[in-house]
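The values are calculated or read from the model by the stated rules, or taken from the named source; none is laboratory data. Note that the coordinates shown come from a computational prediction; the quantities given were computed from them, not determined experimentally. Using ideal geometry, Cβ is built from the backbone for each residue, glycine included, and neighbour counts are taken over all protein chains shown.
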Amino acid sequence: MSDQTAISSMPLYTHLDRVARALAALGIGPGESIRPEQLFAIDQWHYHGTDAIRAAAEALGLGPASRVLDVGSGIGGPARYLAHTTGCHVTALELQPELHRIGVDLTLRSGLEGRVTHLCGDALICPLPLAEFDAVVSWLAILHIADRPRLFARLARALRPGGKCYVEDLSERTPFAPRDLADLRDIVHGITVTPAADYAADLRAAGFVEIATTDLTGDWAPYAAERLRIWRQNRAAYSGVHGEGAYLAHEKFYAVIAQLYDSGSLGGIRLVAHMPKARP
């Protein structure tokens, strides 16, 4: 099972009132309707925001008939973007109750409840329908899940024949120094950050085929460094809206991530894999 208490202490997942504060800065109060586009700058907590989600939708060929499972969906940003832009139906599975609650609220207020279904549960044990989904997607979430082989086996069973898995996640390029490993575990909650080859092997063992691995480190490392620089530059403006505590929590997380990339140990990867068109 996944450790919901530990992951909720990650700096990135604290000060969640920042979502309501960001909406208030746009003149949107509690319970008021939201256009999906107004959320794009608020609810995408991964590299390159909606650009990354759009690239996945194109690679997967998603459309109105597609059924998608988003593992580690957070407050639902990718799920809502996919549903709004492609018309697909997304099941958004999130472990943390508070993130799930915010996601449900934002989906209702943006009028997407007919195309996004939120589930709160552990991806390792939450009941998943068999052969229900055309695609499984995940952005920077599987690193938090302790038993990756078990997860991939469950996802394989949830996909229809010929279904696809699209994952962007952190990886290990070289062994982490003891201090960096402690930060990876305690600040990033990186439980299964492994070499890309091990990641692909787990997919293969679960029955996936045609596994394509793309090294994103050359893009993500400078992105993380620039993100930290801009974050520090905008300290006064962000703290003025969200409070100094929220600023410092994000700065801590962003600084650790930038250091881990700078050490040469942390990497980023994209994996795209298929289920066979016919079950063995």
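Could you please tell me which pairs satisfy a Cβ distance under 6 Å, a separation of 6+ or placement on different chains, a first residue in segment 213-241 that is in contact (Cβ under 8 Å) with a residue 12 or more places away in the chain, and a second residue that is exposed (fewer than 13 other Cβ atoms within 10 Å of the Cβ)?
241/25
Does residue 23 count as modelled with pLDDT under 95, surrounded by 18 or more Cβ atoms within 10 Å (Cβ to Cβ) and outside any loop (DSSP other than H, G, I, E, B)?
It is false that residue 23 is modelled with pLDDT under 95, surrounded by 18 or more Cβ atoms within 10 Å (Cβ to Cβ) and outside any loop (DSSP other than H, G, I, E, B).
If you go through segment 193-210 one residue at a time, how many are over 21 Å from residue 265 (Cα atoms) and either buried (at least 16 other Cβ atoms within 10 Å of the Cβ) or touching a Ser or Thr at 6+ places or on another chain (Cβ under 7 Å) (or both)?
4
Can you list the helices (runs of 4 or more DSSP H) lying wholly within segment 45-127 that have 2 or more residues being in contact (Cβ under 8 Å) with a residue 40 or more places away in the chain, among the hydroxyl-bearing types (Ser, Thr, Tyr) and on the phi > 0 side of the Ramachandran plot?
Correct list: empty, since no element meets the threshold.
Do you know which of the residues in segment 153-193 that are within 17 Å of residue 91 (Cβ to Cβ) and without any contact (Cβ under 8 Å) to a residue 60 or more places away in the chain is nearest to the chain's Cα centre (by Cα)?
So the residue we want is 154.
Here are some conditions: (1) surrounded by fewer than 19 Cβ atoms within 10 Å (Cβ to Cβ); (2) free of Cβ contacts under 8 Å to residues at least 60 places away in the same chain; (3) within 21 Å of residue 51 (Cα to Cα). Residue 248 meets all but one. Which one does it not meet?
(3)
Could we say that residue 130 is modelled with pLDDT of 95 or more, of a type outside the set (D, E, K, R) and buried (at least 20 other Cβ atoms within 10 Å of the Cβ) here?
no
Starting from residues that are hydrophobic (A, V, I, L, M, F, W, C) and over 21 Å from the mean Cα position of the chain (by Cα), keep the ones in segment 258-280 and report whichever is surrounded by the most Cβ atoms within 10 Å (Cβ to Cβ).
Restricting to residues being hydrophobic (A, V, I, L, M, F, W, C) and over 21 Å from the mean Cα position of the chain (by Cα), the top hit is 275.
Inside segment 149-174, can you point out the residues that are crowded, with 16+ Cβ neighbours inside 10 Å and within 24 Å of residue 218 (Cβ to Cβ)?
Matches in segment 149-174: 165, 166, 167, 168, 169, 170, 171, 172, 173.
Which residue, of 43, 70, 3, is modelled with pLDDT under 95 and of a type in the set (Asp, Glu)?
Residue meeting the stated conditions: 3.
Somewhere in segment 218-236, is a residue surrounded by 13 or more Cβ atoms within 10 Å (Cβ to Cβ) and not in a helix (DSSP H, G or I)?
Checked against the condition, which is being surrounded by 13 or more Cβ atoms within 10 Å (Cβ to Cβ) and not in a helix (DSSP H, G or I), segment 218-236 yields no hits at all.
Going by the structure shown, is residue 51 surrounded by fewer than 18 Cβ atoms within 10 Å (Cβ to Cβ) and out of contact with any strand residue (DSSP E or B) (no Cβ under 9 Å at 6 or more places or on another chain)?
yes
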